[in-house]
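First up is the structure itself, then whatever we jot down about it.
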Amino acid sequence: MFIIGDTLVSLDVLEKEFCCDLDKCRGCCCIEGDAGCPVTDEELKRIEQLLPELLPQMTPEAREVVAQQGLSYLDPSGERVLSIVNGKDCVFARTDHNGWCYCLIEKMSKDTHFKKPISCHLYPVRLTQVGDRVGVEYHRWDICHCARMLGKKKHIPLYQFLKEPLIRHFGEEWYNELELTAKEWKKQCEQK
């Protein structure tokens, strides 16, 4: 673990290689799982404001889930997460005619200037509370095998692949310190 600002960054974030291969996975991380994505209160308020525009584009099943239980629920660990359909699909996930999954919130982001929840944007990095610090950890999921293979082929470290969402959440100064730490770590490893 490395300390960057008030965060503890897992070594995996610096060393693992990753690059989403949407041609192979087709965005299945939005429709495979056993819980919705973590969402902040602020994000939830923004999604509620967008709901009149989102509802007509959602599947009938997703609209029914939202009508019955709302946009979110507390998962077994007590974390607020977006609601899911059939125990796996995000209520905002849709599939196009080619079988590609896409996010309705992300699709609207050009008009609304609100991107999908940060936990989705950061995936496969997950944020956890570690004492008084935020843990920045790599979450390994079998369905992302093709992303690990493509990342390895292109030599893209996870932190570089996630540059935009990491800056979005932590800021450019934090990211620059992370990048410097990664370069120093790599240099140390090469000298051994």
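The values are calculated or read from the model by the stated rules, or taken from the named source; none is laboratory data. All figures in this text were calculated on a predicted structure; none of them were measured in a lab. A quick note on method: Cβ atoms are made from the backbone with ideal geometry, for glycine too, and the neighbour counts reach across all protein chains shown. These accessible areas exclude ligands, DNA and RNA; they are computed on the full protein's heavy atoms, side chains included. Shrake-Rupley method; radii C 1.70, N 1.55, O 1.52, S 1.80 Å.
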(request) Specify the residue that is surrounded by the most Cβ atoms within 10 Å (Cβ to Cβ); the eligible residues are those in the range 110-167 that are under 18 Å from residue 179 (Cα atoms) and small (Gly, Ala, Ser). (result) 151
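Kindly establish whether residue 59 is open to solvent by less than 40 Å² (accessible area, probe 1.4 Å), closer than 27 Å to residue 144 by Cα and out of contact with any helix residue (DSSP H, G or I) (no Cβ under 8 Å at 6 or more places or on another chain).
Values: open to solvent by less than 40 Å² (accessible area, probe 1.4 Å): yes; closer than 27 Å to residue 144 by Cα: yes; out of contact with any helix residue (DSSP H, G or I) (no Cβ under 8 Å at 6 or more places or on another chain): yes.
Considered against the rule, which asks whether it is open to solvent by less than 40 Å² (accessible area, probe 1.4 Å), closer than 27 Å to residue 144 by Cα and out of contact with any helix residue (DSSP H, G or I) (no Cβ under 8 Å at 6 or more places or on another chain), residue 59 comes out as yes.
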(request) Return the total of residues in the range 93-109 being basic (Lys, Arg) and either exposed (fewer than 13 other Cβ atoms within 10 Å of the Cβ) or touching a His at 6+ places or on another chain (Cβ under 7 Å) (or both). (result) 0
(request) Please note which helices (runs of 4 or more DSSP H) are completely contained in the range 3-115 and include at least 3 residues that are at pLDDT below 85 and not β-branched (Val, Ile, Thr). (result) 22-25, 104-112
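Could you list, in sequence order, all residues of the range 145-168 that are under 18 Å from residue 8 (Cα atoms) and of a type in the set (Phe, Trp, Tyr)? Full working, then the answer.
Here is the first cut: in the range 145-168, the ones under 18 Å from residue 8 (Cα atoms) are 157-160, 162-163, 165-168.
Listed by number, the list holds a single entry, 159.
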(message) So, in the range 62-74, how many residues would count as being open to solvent by less than 50 Å² (accessible area, probe 1.4 Å), of a type outside the set (Gly, Ala, Ser) and farther than 11 Å from residue 39 by Cα?
(response) 2
(request) Mind listing just one residue for me: the one in the range 96-118 that is touching a helix residue (DSSP H, G or I) at 6+ places or on another chain (Cβ under 9 Å) and hydroxyl-bearing (Ser, Thr, Tyr) and, of those, farthest from residue 57 (Cα to Cα)? (result) 112
(request) Any residue in the range 169-188 that's within 19 Å of residue 134 (Cβ to Cβ) and part of a helix (DSSP H, G or I): show its pairings with residues that are modelled with pLDDT of 95 or more and open to solvent by 30 Å² or more (accessible area, probe 1.4 Å) at Cβ separation under 6 Å, as long as the two are six or more apart or on different chains. (result) 175/167
